[in-house]
Structure formats: C-alpha cells, structure tokens
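Reading through the structure tokens given below for one structure.
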Amino acid sequence: MSNQGKANLFGCSSVHKASSKKTGTVNALSVEQFLDLDEVKQHVLSHPDSVTRRDGGVFISRDLALRYLHLCGNKRLKKEFRKAVGSEA
C-alpha cells in the first residue's frame, strides 16, 4: 500500500526530458579545424589576403566569416552579422 502514492510506479508516463534546442548541441569548429577544411584552403589560395594572423589572433574576411557561421549552423548570428556588415551574400 505504500506504493500507491508514487505516480510512476506502474504507470506508463514518460520521464524523458527533451532538450530546448531542436537539433541538440551544435559543434563549433575551432579556428584551426576551420582553416584546415579543403574548401577554405582553396578560398585562401585564391584570396591570400582573406586570413591575417596578428598577436596570436586570426582575422578572417567577411566571406570566410559567413562560411564559418554557416558551417556552425548559427542562423541568428549569421543574420545579425549580415545586417551589421551590410551585405546580402
């Protein structure tokens, strides 16, 4: 009789907790992983001034930044970046 107060003892209700994101966690690429991609290497070869390394930091061009945001799957940040830069690429 002590089990009657426990709701899920014999019931079939789910205790599964879905994450708040639709696709789960998005894996962000590190700088080195992004620069090691074949597509990015080809872009850097054709546009040598698109990547600049200064003081331990890596600065990339607008086109590469949009590609990075696209690969990371962050649509909201990509949209805000486009608004800030003023491009419709």
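Since every read-out is calculated from the coordinates, none of them should be taken as a lab result. Quantities reported herein were computed from a predicted structural model and do not represent experimental measurements. A quick note on method: Cβ atoms are made from the backbone with ideal geometry, for glycine too, and the neighbour counts reach across all protein chains shown.
Sorted by average packing, counted as other Cβ atoms within 10 angstrom per residue and highest first, what order do 67-76, 53-62, 28-37 take? List each step's numbers first, then the result.
Working: 67-76: 14.5, 53-62: 10.8, 28-37: 12.7.
Listed from highest to lowest mean packing, they are 67-76, 28-37, 53-62.
3J(HN,Hα) along the range 45-56: 5, 7, 10, x, 8, 7, 10, 10, 10, 9, 6, x Hz, from the Karplus curve 6.51 cos²θ - 1.76 cosθ + 1.60 with θ = phi - 60°, whole Hz, x for Gly and Pro. Residue by residue, the range 72-85 carries 3J(HN,Hα) couplings of 6, x, 9, 5, 5, 5, 5, 5, 5, 5, 4, 5, 5, 7 Hz when phi is fed to the Karplus relation 6.51 cos²θ - 1.76 cosθ + 1.60 (θ = phi - 60°); x denotes Gly or Pro.
Distance between the 7 Å Cα→Cβ label points at ARG53 and LYS41: 1.5 nm.
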